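Structure first, then comments.
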Amino acid sequence: MAYQGRFRVWRGDAGSGELADYTVEVNEGEVVLDVIHRLQATQCPDLAVRWNCKAGKCGSCSAEINGKPRLLCMTRMSVFTEDEVVTVTPMRTFPVVRDLVTDVSYNYVKAREIPSFAPPPELAPGEYRMKQEDVERSQEFRKCIECFLCQDTCHVIRDHEENKEAFAGPRYLMRIAELEMHPLDVADRRNQAQTEHGLGYCNITKCCSDVCPENIHITDNALIPMKERVVDRRYDPLVWLGNKLFRR
Ligand code: SF4
Ligand code: F3S
Ligand code: FES
């Protein structure tokens with residue numbers, strides 16, 4: 001049954017903005033993005049929203065619904081009661097461009113800072129051999145749709161703009177972990193993870209894993225194993241001796 005839903009949507013740009021109230025039709029089976037599209041079609045044609053697939057696969061429609069980072073296209077209206085006001089705001093961690101659209105270029109900067117896959121130079125691409133468990137580990141991380149909801153929710157940068165320079169965020173620390181655990185990657189990424197990508201800032205709150213629409217176990221399967229590897233290296237007596245002798 002259709003009903004008139006109450007919505008509060010953030011309207012504005014980089015300079016200023018405010019929540020605007022709307023009453024709009026909601027039909028059975030709809031998701032929040034359907035209602036945003038109906039708002040565009042009926043009341044505010046200039047409402048800016050980024051979207052693409054409407055199937056939870058492109059990672060474009062990230063925003064916050066009632067304060068929680070979510071995909072607009074994967075949030076069913078049926079999770080709210082009919083008399084509930086649904087508040088839709090842009091991702092808080094990134095600068096607003098307009099309305100629900102944010103500038104997520106921070107993430108692309110962080111992606112570019114990670115040295116790419118480094119297989120042994122003598123191995124040609126057709127000669128790569130891996131155990132199934134190593135393939136499966138990578139596959140979990142490769143489900144990432146780059147929605148940046150994990151980046152949005154992580155308190156290290158959500159509440160501290162000043163940490164952005166030093167901290168790559170869960171999505172990119174996961175990428176480093178994926179490469180570090182890859183049996184064919186010969187680069188040692190442990191020191192770099194700690195000193196250049198800010199692994200030490202993560203205090204394992206797991207909020208990133210909680211909001212991931214692909215249900216990737218970012219903290220348990222990437223960040224914690226990466227932290228363990230960094231600790232192993234730091235407390236390896238041979239590494240310690242090497243540092244003492246050669247890094248004066
Ligand atoms: Fe989105 Fe999950 Fe990828 Fe983070 S790890 S960008 S939450 S899909
Ligand atoms: Fe942030 Fe995830 Fe660590 S939310 S603090 S990167 S566990
Ligand atoms: Fe593609 Fe929502 S529109 S993930």
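Any read-out appearing in this document is the output of simple, stated calculations on the displayed coordinates, not a laboratory observation. Worth saying up front: this structure is predicted, and the values here are computed from it rather than measured. All Cβ positions, even for glycine, are placed from backbone atoms using ideal geometry, and neighbour counts span all protein chains on display.
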Which residue, Val79, Val186, Val35, has the most motion in a Gaussian network model of the chain that connects Cα atoms within less than 10 Å?
Val79
Starting from a Cα-only point model with no solvent, please compute log10 I(q)/I(0) by Debye for region 103-239 at q = 0.21 1/Å.
-1.36
Answer check: region 2-101, Cα atoms, Kirkwood Rh, Rg/Rh ratio of 0.93
The summed charge of the Cys58 Cβ neighbourhood (under 14 Å; Lys/Arg +1, Asp/Glu -1) stands at +2
For the Arg8, Leu123 Cβ pair and Förster radius 51 Å, calculated FRET efficiency rounded to 0.05 is 0.35
Give, in nm to one decimal, the length gained when the segment between Arg112 and Val231 is fully stretched (0.36 nm per residue of separation minus the Cα-Cα distance).
40.3 nm
For region 30-189, the charge dipole (Cβ of Lys, Arg +1; Cβ of Asp, Glu -1; about the Cα centre) points to a positive end, and the Cα of Thr81, Met130, Pro69 closest to that extreme belongs to Thr81
Could you calculate, for the chain, the ratio of the Cα radius of gyration to the Kirkwood radius, expressed as Rg to Rh?
1.06
When Asp99, Asp185 are ranked with the fewest other C-beta atoms within 10 Å first, the list becomes Asp185, Asp99
For a Förster distance of 30 Å, can you work out the FRET efficiency between the beta-carbons of Asp188 and Glu162, rounded to the nearest 0.05?
0.55
Angle between the Cα long axis of helix 32-42 and the longest principal axis of the chain, 0 to 90 degrees, nearest 10?
40
Given pairs Lys110/Lys143; Lys54/Lys164; Lys110/Lys206; Lys68/Lys227 and cut-off 23 Å on Cα-Cα distance, the over-length ones are Lys54/Lys164; Lys68/Lys227
Helix 170-181 against the longest principal axis of the chain: what's the angle in degrees, Cα atoms only, rounded to the nearest 10?
30
What's the magnitude of the charge dipole for the chain around its Cα centre, counting Lys and Arg as +1 and Asp and Glu as -1 at the beta-carbon? Answer in Debye, nearest 20.
740
Of 202-209, 58-65, 129-136, ordering from highest average Cβ density within 10 Å down gives 58-65, 202-209, 129-136
What do you get for the angle between helix 237-246 and the principal long axis of the chain? Use alpha-carbon atoms, 0 to 90 degrees, nearest ten.
80
May I ask which residue of Leu33, Thr23, Cys53 lies farthest towards the positive end of the charge dipole of region 2-101, with charges of +1 (Lys, Arg) and -1 (Asp, Glu) on Cβ and the Cα centre as origin?
Cys53
If I build a Gaussian network model for the chain, linking alpha-carbon pairs within less than 10 angstrom, which residue out of Thr75, Thr153, Thr89 has the largest mean-square fluctuation?
Thr75
Could you sort 113-126, 39-52 so that the peptide with the highest average Cβ count within 10 Å comes first and the rest follow in order?
39-52, 113-126
